[in-house]
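All remarks here apply to the structure that follows.
The values are calculated or read from the model by the stated rules, or taken from the named source; none is laboratory data. Fair warning: this is a prediction, and the values are worked out from it, not measured in the lab. Here Cβ is always computed from backbone atoms with ideal geometry, including for glycine, and neighbour counts include all displayed protein chains. SASA here: full protein model, heavy atoms, side chains in, ligands and nucleic acids out. Shrake-Rupley method; radii C 1.70, N 1.55, O 1.52, S 1.80 Å.
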Amino acid sequence: MNLSDPQRRVVESPLDQMMFLEGDAGTGKTTAAIERALYLLSQGVPAGELLVLVPQAVLALPYQRALRSANLPPGGQVEIITFGGLVTQTVKLFWPLAARRGGFVPDVPPTFLTLETAQYIMATVVDPLIERRGYFDGVTIDRNRLYAQIIDNLEKAALNDFPMSEIGERLKSAWMGDRAQARMFDHVQEAADEYRALCRAHNLLDFSLQVEVFTKTLWRLPQVRGYWLQRGAHLIADNIEESAPAAHQMIADWLVGCQSALIVLDSEAGFRRFLSASPESAERLRDQCQAVEVFTDSFVMAAPVAALGDALARGLEQYAPETGIDPAPAYAYELRRFYPQMLNWVADTITLLVKEEHVPPGEIVILAPYLSDALRFTLMQRLQGEGIPVRSHRPSRSLREEPAARCLLTLALLAHPEWGLQPSRFDIAYMFMQAIGSAGAGRTMDLIRAQLLADAAYPAADAKSRLLPFDQFKPEVQERITFLLAPRYEALRKWIESYIADREQARADALKAAASPAKKGRGRKKKTEPVDAETFILGDPFPIRLDHFFSRLFGEVLSQRGYGFHADFDAATVAGNLVDSAANFRRAFDGRGLLPESRSAAEEFVRMVDRGVIADQYVRAWQIDTTADAVLIAPAYTFLMRNQPVTYQFWLDLGNRGWFERLLQPLTHPYVLGWRWEAGRQWTDDDEFAARADTLFNLIMGLVRRCRTRIYFGLSELGESGAESTGELVQAFNRMLRRLNPPDLSPDAALALEEEDDDDQL
């Protein structure tokens, strides 16, 4: 690879040097770090002594691809891991030490909770507090958001190294609202304490407890630290600004004992502050390194794009140098009255780029502060109608909100009538709409036929209902549904009936075998007691493996030609995530006595998802997104964490306040529970304004530095909700346009225009 001189200095630095590398996004830091890894291996460093640490699994993909394709010497493997993965590995490997020192149940293996299973456990603690004591009566958020915010508080305490017993007091002391409402933070503390006690009693380790066990117990043991220093004698830590102070402290300890290190930091970043990312904490590592290298030249942005970034910075009232370069070639914008008109302009422009200018679809990304269903559906339908491949990525959405997941869950209810959870006829129609392919040009069945089929196939919505055969429909209904779709419906119905019959037969065979006396033969006879059928079924000796059910249903039916999931990669990704989620739930709770009596793990999982549990992060979706040649539609922060530049960006809904406002999180606070915050200090409006300004600046600069050629700004006078667009980003954009295209005014009038508070719209 052709490297610049600064990159080559980093790559070929001495094998015993600690180097700190910093610079803006797009200046070639990760490329230099990858080449440094390859250089170390070429100089005889064993692969088993090189460790690459990244803050998020998606950021490991460039290293994995490079090391997979490199001509490496045999023996060993480079460890590429996140801080969370390192913590989990350590706790698993040294669990006997952790159990004895951490107050856990000895001689019982731990259960590692995901975000989803942690919410389930939190619900068992919080729901009684709400229903019996009236806790959180002044909080108007969904239950699952409430669970997730209390879990988030525990993670912030562990990652920012303060006792979890201080969570409530820190939040209460920073509260500026009604003092009567401050009691909700006492409720938060009590719920967190009860949840943590329950986890310890059953050896349930969520991420916060894993980090606490690692930092407070295991990392302090010489044998544990020595184990990792041996495996990571040569350390590369990339994007450390996105890591938490706990990870930075571990790296600081690592630097004392390792042979060489390369610490890489992105300037003006830290996009994951809501997950305890701390660039300020990361910068402390600079003092422990022998050499510091700063990259300044971008390998991504064209000169007009860089000038556009400077112009936007000035529009945000931030300092940026005047370079004299015209940013006009780097941006285009269109103002429309209504939001749908703006989306039509976006779709038309992308169609022109792909079909007329032959731009690869994978070089185009559509960004918004939030990705609503309406925005996603409209653009995907328009672009797919033009034959342009397109995909979306919305992490952390509830599984229930994904159409593919709702389809699979409805089919699970039909296949397990013993649960008594009957789907509504609307659910059945929605399932048909997603599951069965269209008779026309579309990918899936239209809504009218889906509703007609649901009314005919599912006439009585009760627990004993089964889908009726197609030949029992009225003739006029059969004709309207069409005989092209009939075989697809019948194949799906027969698969479900076959699954139910197989389970019933297997249960009957198991009951018969359990109730029959032992056969005579050699050796001592085993005494067998007859088993009551009801007791047998409640004991669930033939458990439902819902993850296996979803896998079979997807592979044998829904992914086949003629069905809705065929060639739909988004649906396949959601199905894979649902399989993983069901498997994690089963492994965590099956047979542990934590589920309600008479309910299987499969049934309880379906109930949990139906309540709207917030989905865990699955690497599968990130991996697919980084390799697909398709237009990407994603929230702005999701795109930033992919760390992959594109040629064209579309920024939508500039007037949306979501570009700079934090999500409503009444029970947690990323800054008050952060590393730098002084305990006892109140969070004022000035603090909020400064945090918003800093966040918006870093977000805009991060997006610009990941664009090669041009940014298209989509503006509408009325936003998606119909409200007037008045956000800070559209105001900054207006200020930028005025400075770049000043009106022909007298000097005094121009000065007055420059100084006035620019709150008007285009």
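For region 130-137, indicate whether the set of residues that are surrounded by 15 or more Cβ atoms within 10 Å (Cβ to Cβ), at pLDDT below 95 and in contact with a helix residue (DSSP H, G or I) (Cβ under 6 Å, 6 or more places away or on another chain) is non-empty.
yes
Within region 537-550, does at least one residue satisfy the condition of being assigned to a helix (DSSP H, G or I), modelled with pLDDT of 90 or more and surrounded by fewer than 15 Cβ atoms within 10 Å (Cβ to Cβ)? Give the derivation first.
Step one: list which residues in region 537-550 are assigned to a helix (DSSP H, G or I), which gives 537-539, 546-550.
Next cut, modelled with pLDDT of 90 or more only: 546-550.
Now drop any that are not surrounded by fewer than 15 Cβ atoms within 10 Å (Cβ to Cβ), which leaves 548.
Yes: region 537-550 contains one or more residues that are assigned to a helix (DSSP H, G or I), modelled with pLDDT of 90 or more and surrounded by fewer than 15 Cβ atoms within 10 Å (Cβ to Cβ).
State which residue pairs qualify: first residue farther than 19 Å from LEU696 by Cα and inside region 657-681, second residue open to solvent by 60 Å² or more (accessible area, probe 1.4 Å) and assigned to a loop (DSSP other than H, G, I, E, B) in any location, beta carbons under 8 Å apart, and separation of 6 or more residues or different chains.
Short answer, once both residue conditions are applied: TRP675/ASP161.
For region 578-587, check the following and say yes or no: at least one residue is surrounded by fewer than 21 Cβ atoms within 10 Å (Cβ to Cβ) and over 27 Å from the mean Cα position of the chain (by Cα).
No, because not a single residue in region 578-587 is surrounded by fewer than 21 Cβ atoms within 10 Å (Cβ to Cβ) and over 27 Å from the mean Cα position of the chain (by Cα).
Take the residues in region 601-629 that are surrounded by fewer than 20 Cβ atoms within 10 Å (Cβ to Cβ) and among the small types (Gly, Ala, Ser), then tell me which one is modelled with the lowest pLDDT.
Among them, the one singled out is ALA628.
Is region 657-667 home to any residue that is farther than 30 Å from ASP186 by Cα and open to solvent by 10 Å² or more (accessible area, probe 1.4 Å)?
yes
Taking the stated definitions as given, is ARG100 open to solvent by 30 Å² or more (accessible area, probe 1.4 Å) and on the phi < 0 side of the Ramachandran plot? Walk me through how you get there before you give the answer.
Values: open to solvent by 30 Å² or more (accessible area, probe 1.4 Å): yes; on the phi < 0 side of the Ramachandran plot: yes.
It is true that ARG100 is open to solvent by 30 Å² or more (accessible area, probe 1.4 Å) and on the phi < 0 side of the Ramachandran plot.
Could you please find all residues in region 668-690 being open to solvent by 60 Å² or more (accessible area, probe 1.4 Å) and part of a loop (DSSP other than H, G, I, E, B)?
Of everything in region 668-690, those that are open to solvent by 60 Å² or more (accessible area, probe 1.4 Å) and part of a loop (DSSP other than H, G, I, E, B) turn out to be TRP675, ARG676, GLU678, ALA679, ARG681, GLN682.
Keeping to region 470-494, report how many residues are of a type outside the set (D, E, K, R) and surrounded by 14 or more Cβ atoms within 10 Å (Cβ to Cβ).
Counting residues in region 470-494 that are of a type outside the set (D, E, K, R) and surrounded by 14 or more Cβ atoms within 10 Å (Cβ to Cβ) gives 10.
Can you spot a residue in region 399-406 that is at pLDDT below 95, over 19 Å from LEU553 (Cβ atoms), in contact with a strand residue (DSSP E or B) (Cβ under 9 Å, 6 or more places away or on another chain) and open to solvent by 30 Å² or more (accessible area, probe 1.4 Å)? Working first, answer last.
Residues of region 399-406 at pLDDT below 95: 399-406.
Now drop any that are not over 19 Å from LEU553 (Cβ atoms), which leaves 401.
Those still in the list that are in contact with a strand residue (DSSP E or B) (Cβ under 9 Å, 6 or more places away or on another chain) too: none.
Within region 399-406, not a single residue is at pLDDT below 95, over 19 Å from LEU553 (Cβ atoms), in contact with a strand residue (DSSP E or B) (Cβ under 9 Å, 6 or more places away or on another chain) and open to solvent by 30 Å² or more (accessible area, probe 1.4 Å).
With the requirement that a residue be within 24 Å of VAL704 (Cβ to Cβ) and assigned to a helix (DSSP H, G or I), what does region 1-33 give you?
Hits for region 1-33 are PRO6, GLN7, LYS29, THR30, THR31, ALA32, ALA33.
Do the conditions hold for TYR195, that is, is it in contact (Cβ under 8 Å) with a residue 12 or more places away in the chain, open to solvent by less than 40 Å² (accessible area, probe 1.4 Å) and over 27 Å from the mean Cα position of the chain (by Cα)?
Judged against the criteria, TYR195 is not a match.
Could you say whether any residue in region 65-74 is under 19 Å from ARG8 (Cβ atoms) and touching a helix residue (DSSP H, G or I) at 6+ places or on another chain (Cβ under 6 Å)?
yes
Go through region 418-436 and report how many residues are without any contact (Cβ under 8 Å) to a residue 40 or more places away in the chain, assigned to a loop (DSSP other than H, G, I, E, B) and surrounded by fewer than 18 Cβ atoms within 10 Å (Cβ to Cβ).
1
Tell me, please, whether a residue that is over 25 Å from the mean Cα position of the chain (by Cα), open to solvent by 20 Å² or more (accessible area, probe 1.4 Å), within 16 Å of ALA261 (Cβ to Cβ) and of a type outside the set (A, V, I, L, M) can be found in region 72-92.
The answer is no, given that none of the residues of region 72-92 is over 25 Å from the mean Cα position of the chain (by Cα), open to solvent by 20 Å² or more (accessible area, probe 1.4 Å), within 16 Å of ALA261 (Cβ to Cβ) and of a type outside the set (A, V, I, L, M).
Pairs, please: C-beta under 8 Å, at least 6 apart or cross-chain, first residue under 15 Å from GLN451 (Cα atoms) and in region 463-483, second of a type in the set (D, E, K, R) and at pLDDT below 90?
none
Can you tell me which residues in region 375-417 are part of a helix (DSSP H, G or I), of a type in the set (D, E, K, R) and more than 16 Å from the chain's Cα centre (by Cα)?
ARG376, ARG382, ARG406
Test ALA66 against the stated conditions and say whether it is surrounded by 15 or more Cβ atoms within 10 Å (Cβ to Cβ) and touching a strand residue (DSSP E or B) at 6+ places or on another chain (Cβ under 9 Å).
no
Residue by residue, here is whether (1) at pLDDT below 95; (2) open to solvent by 20 Å² or more (accessible area, probe 1.4 Å); (3) of a type outside the set (Ser, Thr, Tyr); (4) within 34 Å of the chain's Cα centre (by Cα) holds:
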{"position": "ASN2", "(1), (2), (3), (4)": "yes, yes, yes, no"}
{"position": "VAL11", "(1), (2), (3), (4)": "no, no, yes, yes"}
{"position": "MET19", "(1), (2), (3), (4)": "no, no, yes, yes"}
{"position": "THR30", "(1), (2), (3), (4)": "no, yes, no, yes"}
{"position": "GLU35", "(1), (2), (3), (4)": "no, yes, yes, yes"}
{"position": "GLY44", "(1), (2), (3), (4)": "yes, yes, yes, no"}
{"position": "ALA47", "(1), (2), (3), (4)": "yes, no, yes, yes"}
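Conditions (1) open to solvent by 50 Å² or more (accessible area, probe 1.4 Å); (2) of a type in the set (D, E, K, R), marked per residue:
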{"residue": "ILE151", "(1), (2)": "no, no"}
{"residue": "ASN160", "(1), (2)": "no, no"}
{"residue": "GLU169", "(1), (2)": "yes, yes"}
{"residue": "PHE207", "(1), (2)": "yes, no"}
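Here is a check on your reading of the model: is ARG231 of a type in the set (Lys, Arg), touching a helix residue (DSSP H, G or I) at 6+ places or on another chain (Cβ under 9 Å) and farther than 30 Å from ALA320 by Cβ? Spell out how you get there, then give the answer.
Values: of a type in the set (Lys, Arg): yes; touching a helix residue (DSSP H, G or I) at 6+ places or on another chain (Cβ under 9 Å): yes; farther than 30 Å from ALA320 by Cβ: yes.
Taking the combined requirement at face value, the residue satisfies it.
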